[in-house]
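Derivation of every value follows stated rules applied to the coordinates shown; laboratory data play no part. Model, not experiment: these values are computed from the prediction.
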């Protein structure tokens, strides 16, 4: 497998975590968003949407990190990223969706570039924009974590799930945008628990070959 991605991309980060937790080997192929490599003809031929990540297999290319991670869960079910029961799966998917549907899409690079270039936003305004949506989502996540008495060190239960796979890259992004995480102690604790695991450590942006 070849993972086409960018070290700082939250979606690439979450896919690296999922692959690592599943114990799957993959080759990293850097796509430099800073130089707009993803907009070139070569990458467009691989992924017509011109977004990262893309997972290249022998005979096909998969796009969209939610779809790829669900495919990984179906093809490589151990260790599981979703609980065994339907209620648990719904809760984990909801936690992940707060990040994947409500925070990340409005804070990703192409949106921020549009704010800068199409609407004249300066960096202070961009920071406020990111902080607003991260704050709204993290407030909800923190409340949901607090309301789960059976929860261990992670977002759900006592082992990493899809929710942690999504949350950790968003915490990394929040730090990059200088969001003060003090008011979300449970989110910080989950992030700390995940950071002790090798699968998360090897997925961190700072240790990727294209970091810098």
Open item on the list: With equal scatterers on the alpha carbons only and no solvent term, can you work out the Debye log10 of I(q)/I(0) for region 2-79 at 0.11, 0.22, 0.24 1/Å?
Closed with: -0.26, -0.99, -1.16
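If you scale each eigenvalue of the Cα gyration tensor by 5 and take the root, what three semi-axes come out for region 86-199, rounded to whole angstrom and sorted largest first?
Values: eigenvalues 150, 38, 29 Å².
Three semi-axes, in Å: 27, 14, 12.
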Task: Value of D in µm² per second that Stokes-Einstein yields for the chain, Kirkwood Rh from Cα pairs, at 37 °C (0.692 mPa s) - done: 186 µm²/s
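Checking the a/c ratio against 1.5 first, then a/b against b/c, what shape does the Cα gyration tensor give for region 142-212?
Values: a/c = 2.74, a/b = 1.44, b/c = 1.91.
In terms of gyration-tensor shape, oblate.
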Open item on the list: Please report the spacing between the Cα centers of region 151-171 and region 29-61 in Å, no decimals.
Closed with: 28 Å
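Could you tell me the convex hull volume per residue, in Å³, taken over the Cα atoms of region 43-132?
Residue-normalised Cα hull volume stands at 123 Å³.
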